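The values are calculated or read from the model by the stated rules, or taken from the named source; none is laboratory data. The structure displayed is predicted, hence computed values, not measured ones. Every residue, glycine as well, gets a Cβ built from its backbone with ideal geometry; the counts of neighbours run over all protein chains shown. Remember, those area values only see protein heavy atoms, side chains included, never the ligands or the DNA or RNA. Shrake-Rupley method; radii C 1.70, N 1.55, O 1.52, S 1.80 Å.
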Amino acid sequence: VEFMIFREAQTNDIKQIQLVRNAVKENVLSNPGLVTDKDCVEYLTLRGKGWVCENDGTIIGFAIADLIDNNIWALFVHPDFEKNGVGKTLHDTMLNWYFDQQKEDVWLSTGPNTRAEKFYALQGWREAGLYGKGETKFEMTAEEWKLVKQKTKQGA
């Protein structure tokens with residue numbers, strides 16, 4: 001994977017964002033119509049902000065944070081590009097931005113016993129019970145994120 005570019009997501013990225021979202025093997029949408037282009041526009045422009053990772057002009061991962069519900073709305077990497085640090089870079093960029101905007105705790109949910117669940121635990125997220133249809137809920141405070149970043153710097 002060469003020529004990776006991380007940048008803020010634009011509404012004209014939504015078509016490719018949807019392709020990545022529907023390519024994943026875990027946390028698959030039961031009905032792809034559940035997340036509409038209109039939803040994506042709302043989350044990117046009104047509710048929060050998103051980022052994408054491009055490889056040779058094609059979006060291979062994206063992340064979207066929601067400031068209204070204090071939640072990570074999406075973080076997905078195309079299966080062909082997993083394990084290249086794309087998810088971690090998008091994750092860290094998104095959380096740095098989120099906690100620059102506000103000090104409210106942030107939360108997310110993901111399927112139990114998935115690689116995503118392990119990923120979030122490794123990034124310092126704290127399990128906070130179940131959410132929705134049996135998903136694992138994770139939470140992070142601004143203070144916890146600061147500690148995660150300090151540990152990362154010391155380990156580097």
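Would you work out what percent of the accessible area of the chain, with all protein chains in place, is carbon or sulfur (probe 1.4 Å)?
Ligands and nucleic acids excluded, carbon and sulfur reach 51 percent.
Could you list which residues have their amide H under 5 Å from that of Ile60, counting only those 5 or more apart in sequence or on another chain, with H placed in the peptide plane?
Result for Ile60 returns Cys53, Glu54, Asn55.
Below 8 Å between Cα atoms, with a sequence gap of 6+, how large is the relative contact order for region 4-116 in percent?
26
How charged is the neighbourhood of Trp97? Take every other residue with its Cβ under 11 Å from the Cβ of Trp97, and add Lys/Arg as +1 and Asp/Glu as -1.
Net local charge, Trp97 excluded: -2.
Which of the following values of Cα Rg over 2.2 N^0.38 Å was calculated from the structure shown: (1) 0.99; (2) 1.73; (3) 1.18?
After the calculation, the listed value that fits is (1).
At a Förster distance of 35 Å, what's the computed FRET efficiency of Asp69 paired with Gln154, Cβ-Cβ distance as r, to 0.05?
According to the calculation, E is roughly 0.60.
If you count, for each residue, the other Cβ atoms within 10 Å and average over each peptide, how do 120-126, 85-91 line up from highest to lowest?
With the highest mean Cβ count within 10 Å placed first, the list reads 85-91, 120-126.
Under 26 Å Cα-Cα from Lys137, which lysines qualify once same-chain neighbours fewer than 8 residues away are excluded?
Excluding near neighbours in sequence, the set is Lys25, Lys38, Lys49, Lys83, Lys88, Lys103, Lys118, Lys146, Lys149, Lys151.
For region 99-156 and region 39-92, compute the distance between their C-alpha centroids and round to whole Å.
Answer, in whole Å: 15.
Please give the contour-minus-distance gain from Arg126 to Lys38: 0.36 nm per residue of separation, less the Cα-Cα distance, rounded to one decimal in nm.
28.6 nm
How much accessible area per residue does the chain have, counting only protein heavy atoms and a probe of 1.4 Å, in square angstrom?
Counting only protein heavy atoms, the per-residue value for the chain is 56 Å².
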